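Read the structure below first, then the notes.
The values are calculated or read from the model by the stated rules, or taken from the named source; none is laboratory data. Just so it is clear, the structure is predicted and the values come from calculations on it, not from any experiment. So basically every Cβ, Gly included, is an ideal-geometry build from the backbone, and we count neighbours across all protein chains shown. SASA here: full protein model, heavy atoms, side chains in, ligands and nucleic acids out. Shrake-Rupley method; radii C 1.70, N 1.55, O 1.52, S 1.80 Å.
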Amino acid sequence: MPTEQMTSANKPLSTEGRTYHIETRSGEVSNRILTVGDPKRAQKMASYLDKILFTHSSHRGFLTITGLYKGLPISVVAIGMGLSMMDFFVRESRMVIEGPLSIVRFGSCGSICQATSGDIIVAKSAFAIGRNYAFFEEGEGEPYLLWKPVQADKDLTRVVKRKLSEAVGAEHVFAGSVGNADSFYGSQGRIGTDFYDCNEGLLDRIREKYEDASALEMESHMLFHLAQASTGAKNMDRPSIRTACALMVFADRTGNKFISPEDSERLVEIAARAVFDALVEDMPTQEGLHPAAGSVWENEI
Ligand code: R1P
Ligand code: URA
């Protein structure tokens, strides 16, 4: 349930200035954000910050940790899974942060290319895959709709890929287009008998349509799409949000393998500093960013 009184139904900010679902306010979240799905991954990665200044877990399961890395503020935000959670996160973050945002998603995925469990796939672009209800209800069209890829920010992606390659070895880092499905199961072509999914040919159809399709997950297209749709913050041209996405291969869909808990933890540990270094290299100063006055980093930088 809401923890504070909201002042508007259209833009629900509390009397304290906190957003409804994430429950952060101005000065608690940085312009540099690492976002992940799993809150334990967020905590693990945040443990590589030099100092933690703020932690908040919201009533809807969003976890925000803001701290300092190499003298600059960075936030780590765990959002859970799926398109709607990404939408809440991007929109409510935008509401409480002044200036440009750089957001890097460090997630997990299923590989549909030669990358195997434990490798990393960096998204050059992301396309959406959605279950077509008209097909299931009325037999109209294809069972799954495929939307065109949206590009990641090239500069941010380049630095994320370079830093991760230095950390894990270039031979373990792949790049390609990522399919953002609206389900882990049907829309990612997982075959089962409990539901009528009509998805036997889906992976082949995806590969035919998008030659560099490399990974399947559940948030990247929404992130890239909202970045592209973001209007300018004060004194800025649009878009006001730049994004990149790197994904650990958990499921190797070709070899039918799944990463071990030990290997996924090791990968997260190795990647944490690489992603923070990328965010800091991408935005090396606080000039033009959210003002320090009233923020949790006010007395720290
Ligand atoms: C499914 O297991 C979840 O894992 C992937 C998918 O996008 C989905 O959210 O990413 P995260 O590991 O970041 O949550
Ligand atoms: N996350 C996904 O969305 N799909 C996978 O196969 C693995 C992780």
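Observations
- Whether the stretch 35-102 is rounded, prolate or oblate, judged on the alpha carbon gyration tensor where a/c under 1.5 counts as rounded: oblate
- Placing unit charges on the Cβ atoms only, positive for Lys and Arg and negative for Asp and Glu, gives the stretch 81-160 a dipole magnitude near 360 debye about its Cα centre.
- Excluding exposed DSSP-loop GluC sites (Glu not before Pro) (at most 11 other C-beta within 10 Å), longest clean stretch of the chain: 17-139
- Between Gln151 and Arg238, residue separation times 0.36 nm minus the direct Cα-Cα distance comes to 29.8 nm.
- For the chain, lysine pairs separated by 8 or more sequence positions, or belonging to different chains, with Cα-Cα distances below 21 Å total 15.
- Here's the picture: charge each Lys and Arg Cβ at +1 and each Asp and Glu Cβ at -1 in the stretch 3-137, and of Ser93, Met45, Ser26 the one pushed furthest to the positive end of that dipole is Met45.
- Alpha carbon centroid spacing (whole Å) that separates the stretch 54-80 from the stretch 104-129: 23 Å
- What you get for the chain, charging only the Cβ of Lys and Arg (+1) and of Asp and Glu (-1), is a dipole of about 560 debye around the Cα centre.
- Computed per residue of the chain from DSSP H runs no shorter than four, each worth -39500 (n - 2.57), the mean residue ellipticity at 222 nm is -8500 deg cm²/dmol.
- Highest-fluctuation residue, Ala170, Ala244, Ala42 considered, GNM on the chain with Cα pairs under 10 Å: Ala170
- Fluctuation leader among Leu156, Leu72, Leu145 - the chain, Gaussian network, Cα springs under 10 angstrom: Leu145
- Highest average first, the peptides 5-11, 48-54 ordered by how many other beta carbon atoms sit within 10 Å of their residues are 48-54, 5-11.
- Largest-first ordering by accessible area, 1.4 Å probe, given options Arg18, Arg105, Arg60: Arg60, Arg18, Arg105
- Accessible heavy-atom area order of Asp38, Asp282, highest first, probe of 1.4 Å: Asp38, Asp282
- Tensor-based shape of the stretch 97-139 (alpha-carbon gyration tensor, a/c under 1.5 rounded, otherwise prolate or oblate): oblate
- Cα-based helix-to-principal-axis angle, 83-96 vs the chain, degrees rounded to 10: 20 degrees
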